[in-house]
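Student: The structure follows.
What follows draws every value from the coordinates through simple rules; no lab data is involved. Quantities reported herein were computed from a predicted structural model and do not represent experimental measurements. We place every Cβ from the backbone using ideal geometry, glycine too, and count neighbours over all the protein chains shown.
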Amino acid sequence: MYTGASNFVEGVDWVFKLIFGIGFFFLFLITGMMIYFAIRYNRKRHPKAEQIKDNIALEIAWITIPTIIVILMFYYGYAAFQPMIWVPRDSMQVKVTGRMWQWSFEYPGGRQANELVLPINQPVKLNLHSVDVIHGFSIPDFRVKEDVVPGKDNYMWFKPQRLGDYEIFCTAYCGVRHSYMGSKVRVVTQKDFTHWLAALPLASAEPEGLTILKKNACIGCHSMDGSKLVSVSFKGLFGKTETVITNGKQRKVMVDDTYIIASVYEPDKDIVFGYQKGIMKSYKGLIKEDEMKKIIDYLKTLK
Amino acid sequence: MTEESYPIAHPSYLVDTGKRKGIKAWLTTCDHKRIALLYLWSIMVFFIIGAILGETMRTELFRPGQQFYGPQTYNAIFTLHGLIMIFLIVIPGLTVVFGNFVMPIMIGANDVAFPRLNLFSWYLYILGAAVVVVSQFAGSGPPDTGWTFYAPYSTQTHTNVIAAVSGAFILGFSSILTGINFIVTIHRLRTPKMTFFKMPLLPWAVYATAWIQVLATPIIGITLLMIIGERVFRIGFFDPALGGDPILYQHLFWIYSHPAVYIMILPAMGVITEIIPTFSQRRIFGYKAIAFSSLAIAGVGYFVWGHHMFTSGMSKEAIWVFSLLTFLVAVPSAIKVFNWVTTMYKGSIDLKPPMLYAMAFIFLFTIGGLTGLVQGALATDIQVHDTSFIVAHFHYIIFGGVGFAFLGGLHYWYPKMFGRLYNIRTANIAWGFLFTGFNLLYFPQFVIGLEGMPRRYFDYLPQFTLSQQISTVGGYLLGIGLIIMIVNLFRKSGEKAPDNPWGGKTLEWQLPSPPPEENFSTPPNVSDFPYDYD
Amino acid sequence: MTTEEKHITSYSLYARVLIILMVLTAITITAPSLNLTAFTILIALVIASTKAGIVLTYFMHLKIENTLLRIMVIMVLGIYGSVIILTFADYIYR
Amino acid sequence: MEHTEPDRDDIGAKLGMWVFIFTEILLFGGLFLVYAIMRHRYPEDFHLASRQLNTFIGALNTLVLLVSSMTVAMSISAVQKKDKRMATILLLITLLCAVIFLVNKYFEWGHKISLSLYPGSDLMMQLKHGYILFFSLYFFMTGLHLLHLIIGAIILGVALAKIRLGLINDQHYVLLENGGLYWHLVDLIWIFLFPLLYLIT
Ligand code: HEA
Ligand code: HEA
Ligand code: CUA
Ligand SMILES: [Cu+2]
């Protein structure tokens, strides 16, 4: 038997087939007639046109038939969509947080991960939460998608039915790294899942500085592993000598506490060589002084 | 011939008769025909810019990863591409070029109701365009929001959104004034014997369009003002941090922008409705059905905007209501398609370039429209929303529909506008390139869209590479076709065109080519039916 | 040349219209103090619409204009009303 | 292009004005839609915030606008009756009303601003969400209305000058009619703004 990767696949694909089927029928009909007429009644072959008056019966036919067809299409589209709204009681709840430009997943019990691992055949409800702008949470293989809207928590649910890895995309445009805001769903057996979950660190176990960096979406631009995203990586940043442009003049500075605080509160004052003004906005008022301290403590650990 | 009734005292509108000469005469003209050409030139220029931007996106997408510019540039480029194509080309597009040039002649008028306002609209259009251009260079970098300006991204990004939004606002104002002008023209300036039901179908389409322009555009106007307010004063309507609602922005945006897609397509349908009877030498089938379906599209088209927001978290009740209404608006389009095809039945069909474009229109529009139905259905839209499936849908409808209708109309009225003929063989070759290139370019995007490839993606997974490459090659073929077409049309040679090269029946073909400055010295004779071929 | 035949509306009609409008304004201002709570919005809107209707008919001469214009006004208000209802289809059920 | 008598079309000009008024109605319509939705989301806050507005000034401005609407309408009758003096007086009253309205608004806004109740102020950012939105809407709506009022007054000023010059007379008065229509629009919008912002508490 055909089982899709999730419980919705079958229903949705059926609607696709229905609409595409009707669509192709009309497309071939119309194109076929058009080409046939163009050849059969070509001016060379048929120099004098016949004037045909309107035909009311025909008009009525092609008003009513398409109306019936589209209402059918509506109905089937609606019917296959209905189950996506009603979440089963026994669903596992996972909180999905979208931020520029990363997903994170919080499991019951406060454990956090950067990929979505799910036990097979267990319905899950994802509570979608955004900290900055609108993102789109989409798993094409599961036929599900929902926007992740700041200030309004949407949800989605599904039941994974096949083991394997599936792509997660961010489908709502959210800035520079929109196309890299992906992740994976890994569908595993119930046993593997329990093991995996137990090995996850608790969300509260992470250094406070990191939490603040995540909350303010710094890590969308600054990586922590040395790779270059939008800007300089945080790895090894503290204590290194940086070339910056201040008021149009190039100079070298040591990255220390004051410099970092200045970079966050007045990013446009010292521009790191090779970057543009204005990309990073000021966080003055958004990140408090004591939070800055925690960030710096954390940055020190990133050697 | 009509030559005799127009002696030397009535030189063509292309000849300067007033005090001013040359470019000055053009920039101060109030003649609807000259204003149409002003628009035509400006739109051509922007089209070439927009098209080149499109080609660079295709080149960038040829392989996964970065080819020759980075993600920020890519985002800025699709934003500008969308802005130019939508606000500068297809929304005004056919209305201002053909609506201005032939609509008044078709209803037997000498000009539009407010000629000076008409010129003023053109200046507003240029001003709006200039502001959009400025937004690219001034300030803190070109806007990167996509043409939809979705809040809260658009209220947070550091790029130059305010300028771009103001540009769009001014363009909207220009569009409103044109709409007012055309509504009054059609009500007041029809030649005495021409009742509404003796009016050709292009004016009907322009009339329906004008109403949408007048009634929908103010909503986007106020919405764009709110975006500016949001950025400058933090008024908070769309900012969740201040209690606003980002989804409200989407409602307001689409309340305009969905009707706007009918602003684009209705005049295009009007043009097709003129071309098909002429080249089939047959009266149009179902005149009233076509006329009323224009009004129906305009009317129902107001109430379907929610289909852009099925995944936004809108209430489930609203979702199904909008889905149902979306399906209903497809019916009048279907009526038109059936009537066009039936008009060809037992006609005497001449496959000249305008007719080829019209047939390509029907084919491409049908594909675009039928995939629109896939998006209107709830279950399936969830899958294809914000993927390249959508990109393919609207390029099929906008470029394949509106664009091909524009090119068809251009080939149809070209002899009338300039008094010269183009090379028909070359025009056919260009059409061949355009048609093939077009399908190669956008068809693969349906396929990868179904597989989940999101839109507005600078980079993609390796499994989409082949389709993306076919798509890019198609883009280049399309480019070649357009270049051939443009060169063919605007070569400075070409024999003199007869007054009625295609055997059309509407009033513009009874005037000399090109028409005199004053269209009709005496009110024209109107027969019973605008499409009386015998 | 197209001009219309003149309708000269008398001053006294305008004056009477103004008085009615003022009375209606007075009612709206006092209505909230009657503590009708849930109905205050409704009452205020009904009165405002009445006033708008009066301004449209008399000051803006819809009464003596042709039917076409009247149809247009109704159509515009109808479209706007439907837009509001459809938007609320989202907000009420959220 | 010269526009001589044969091209004159008063009905057309008036139709054009009406269609323009439709667009204006929808322009404000967008704002009223935002108002309705925000009120629906924060009924309590809106209720309390609107108490901050001065009903007296609002009511006064309503009266001023109603009177001015009447005088404009009357001035058309006056012109039709070739009563140039009366028309002038009536239009002057209208313009005076516009000025009174502006002065009132100046004090009203000035008071709010002195209390730091304007969008983006530090105080505003700390208020409850419904309050912020209410005052934002208040400024946005009355501000846009004010802009229209000023434009309307300018048009009527031009009409007045033309009456004095005899360019508007009992044969040609469509400009005055159109200016009047625009002025009534300004009134029409205020008729809704007033109860929605000041009264519904
Ligand atoms: C000219 C422009 C134009 C036109 C005319 C249309 C016409 C239609 N559009 Fe399209 N649309 C766009 C431009 C246009 N669209 C754009 C630009 C976007 C994306 C915006 C963005 O997000 O950036 C979009 C997006 C879009 C969406 C949102 C998708 C999403 O983001 O999730 C939807 C959903 O319902 C949709 C539906 C339709 C439908 C049902 C029609 C119908 O009107 C089509 C009617 C036509 C036919 C049906 C074909 C002809 C009929 C027959 C051949 C007969 C047989 C027919 C039947 C049996 C019914 N469109
Ligand atoms: C009228 C509408 C219109 C038209 C005609 C086009 C035309 C083209 N578009 Fe369009 N496109 C949009 C409207 C349009 N687009 C919109 C609204 C969006 C959404 C933006 C957003 O997401 O916000 C979009 C998005 C969009 C994307 C998706 C971006 C993304 O989501 O990542 C892509 C990608 O391939 C693309 C490509 C193209 C290409 C290759 C063309 C080509 O077909 C262009 C073909 C034309 C040429 C090749 C011309 C060549 C001619 C010359 C060079 C002239 C030479 C001249 C002389 C000699 C005088 N467009
Ligand atoms: Cu997040 Cu796109
Ligand atoms: Cu739409």
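Student: Considering only DSSP beta bridges whose two residues both sit in chain A, what percent are antiparallel, to the nearest 5?
Tutor: DSSP beta bridges in chain A are roughly 75 percent antiparallel.
Student: Provide Rg over Rh for chain A; use the alpha carbon set for both Rg and the Kirkwood Rh (inverse mean inverse pair distance).
Tutor: 1.18
Student: On to the next question. What are the chymotrypsin sites (Phe, Trp or Tyr not before Pro) within region A:254-303 that DSSP puts in a loop, where the Cβ has at most 16 other Cβ atoms within 10 Å?
Tutor: Answer in residue order: A:F273, A:Y275.
Student: Then there's this: Compute the orientation-averaged projected area for region A:147-292 from the convex hull of its Cα atoms and round it to one decimal in nm². Display every interim value, and only then the final one.
Tutor: On the way: hull surface 46.3 nm².
Over all viewing directions, region A:147-292 projects a mean Cα-hull area of 11.6 nm².
Student: Hey, if you drop one equal point scatterer on each alpha-carbon of region A:9-84 and run the Debye formula without solvent, what base-10 log of I(q)/I(0) do you get at q = 0.11, 0.12 Å⁻¹?
Tutor: Evaluating at q = 0.11, 0.12 Å⁻¹ gives log10 I(q)/I(0) of -0.49, -0.56.
Student: If you don't mind, there's one more thing I want to ask. Let's test this: bin the Cα-Cα distances of region C:11-92 at 5 Å from zero up to the farthest pair and state each bin's percent.
Tutor: 3, 12, 16, 17, 17, 17, 12, 5, 1, 0
Student: When the Debye formula is applied to the Cα atoms of region A:1-139, each taken as the same point scatterer, what base-10 log of I(q)/I(0) results at q = 0.13, 0.15, 0.21, 0.22 Å⁻¹?
Tutor: The calculated log intensity ratios at q = 0.13, 0.15, 0.21, 0.22 Å⁻¹ are -0.82, -0.95, -1.31, -1.35.
Student: Among all the lysines, which ones have a C-alpha under 23 Å from B:K21's C-alpha, if same-chain residues fewer than 8 places away are not counted?
Tutor: B:K33, B:K416, B:K492
Student: Can you give the Kirkwood hydrodynamic radius for region A:49-90, in Å, rounded to one decimal and based on Cα pairs?
Tutor: 13.6
Student: Here's another thing I want to ask about it. Take every Cα-Cα distance within region B:337-444, group them into 5 Å bins from 0 onward, and report for each bin the whole-number percent of pairs it holds.
Tutor: 2, 12, 19, 20, 17, 13, 8, 5, 3, 1, 0
Student: Can you give me the angle between helix B:287-300 and the longest principal axis of chain B, using Cα atoms only, in degrees from 0 to 90, rounded to the nearest 10?
Tutor: Helix B:287-300 and the main axis of chain B meet at about 30 degrees.
Student: When the helix-only estimate is applied to the protein assembly as shown (DSSP H runs of n ≥ 4, each -39,500 (n - 2.57), divided by the residue count), what is the mean residue ellipticity at 222 nm, nearest 500 deg cm²/dmol?
Tutor: -19500 deg cm²/dmol
Student: Give me the net charge for the shell around A:S91: Cβ to Cβ below 12 angstrom, other residues only, Lys and Arg +1, Asp and Glu -1.
Tutor: +2
Student: In addition: Of all beta bridges DSSP finds with both residues in the protein assembly as shown, what is the antiparallel percent, to the nearest 5? The partial results should precede the final answer.
Tutor: Values: 40 of 55 bridges.
Around 75 percent antiparallel, to the nearest 5.
Student: Answer rounded, prolate or oblate for the protein assembly as shown, using the Cα gyration tensor with square roots of eigenvalues a ≥ b ≥ c: rounded when a/c is under 1.5, else prolate when a/b is larger than b/c, else oblate.
Tutor: It comes out oblate by the Cα gyration axes.
Student: Now for a separate question. Cross-link partners among lysines for A:K300, C-alpha distance below 22 Å, same-chain residues fewer than 8 apart left out?
Tutor: Those lysines meeting the cut-off are A:K214, A:K215, A:K228, A:K235, A:K240, A:K252, A:K284, A:K288.
Student: State, to one decimal in nm², a quarter of the convex hull surface area for the C-alpha atoms of region B:120-250, i.e. the direction-averaged projected area.
Tutor: 9.4
Student: Could you list the trypsin sites (Lys or Arg not before Pro) in region B:95-197 that lie in coil according to DSSP, counting only those with at most 14 other Cβ atoms within 10 Å of their Cβ?
Tutor: Numbers: sites: B:R116, B:R188, B:R190, B:K193; in loops: B:R190, B:K193.
Loop-located and lightly packed - B:K193.
Student: So what's the gap between the Cα centers of region C:48-94 and region D:151-194, to the nearest angstrom?
Tutor: The distance from the Cα centre of region C:48-94 to that of region D:151-194 comes to 22 Å.
Student: Please compute the net charge surrounding B:I290, taking Lys and Arg as +1 and Asp and Glu as -1 over other residues with Cβ under 15 Å from its Cβ.
Tutor: Overall, the nearby charge balance is +3.
Student: Hey, another quick one. I want to check a number: in region A:92-204, how many lysine pairs have alpha carbons closer than 17 Å, given a sequence separation of 8 or more or different chains?
Tutor: 13
Student: To check my understanding: the extent here is largest minus smallest coordinate of the Cα atoms along each principal axis. What are those three numbers for region B:421-534, in Å, largest first?
Tutor: Largest first, region B:421-534 extends 67, 35, 28 Å along its Cα principal axes.
Student: Taking a temperature of 20 °C and a viscosity of 1.002 mPa s, what whole-number D in µm²/s does Stokes-Einstein yield for region B:209-348 with Rh from Kirkwood over alpha carbon pairs?
Tutor: Value of D from the Cα-based Kirkwood radius: 126 µm²/s.
Student: With a bin width of 10 angstrom, please list the P(r) values of region A:92-204 as percents of all Cα-Cα pairs, from the 0 bin to the one holding the largest distance.
Tutor: Taking all Cα pairs of region A:92-204, the binned fractions are 15, 50, 31, 4 percent.
Student: For region B:104-191, what is the Kirkwood estimate of the hydrodynamic radius, computed as the reciprocal of the mean inverse distance between distinct Cα atoms, to one decimal in Å? All intermediate terms of the calculation are to be shown ahead of the outcome.
Tutor: Working: mean 1/r = 0.0682 Å⁻¹.
Computed over region B:104-191, the radius equals 14.7 Å.
Student: Ok, one more. In whole Hz, what ³J(HN,Hα) sequence does region B:123-137 give by Karplus (6.51, -1.76, 1.60; θ = phi - 60°), x for Gly and Pro?
Tutor: Going residue by residue, I get 4, 4, 4, 5, 4, x, 4, 4, 5, 4, 5, 4, 4, 6, 10 Hz, with x marking Gly and Pro.
Student: Still on this structure, please answer the following. Using modelled backbone amide H atoms (1.01 Å from N, in-plane), which distant-in-sequence or interchain residues come within less than 5 Å of B:I349's amide H?
Tutor: The answer is A:N42, A:R43.
Student: When only DSSP loop residues count, what GluC sites (Glu not before Pro) in region D:1-96 have their Cβ near at most 16 other Cβ atoms within 10 Å? The partial results should precede the final answer.
Tutor: Numbers: sites: D:E2, D:E24, D:E44; in loops: D:E2.
Answer by residue number: D:E2.
Student: Let me ask another. With N denoting the number of residues in chain B, provide Rg(C-alpha) divided by 2.2 N^0.38 Å, to two decimal places.
Tutor: Computed over Cα atoms of chain B, the ratio equals 0.95.
Student: If you don't mind, there's one more thing I want to ask. Counting only GluC sites (Glu not before Pro) that sit in a DSSP loop (anything but H, G, I, E, B) with at most 14 other Cβ atoms within 10 Å, what is the longest stretch of chain B containing none of them?
Tutor: B:1-494
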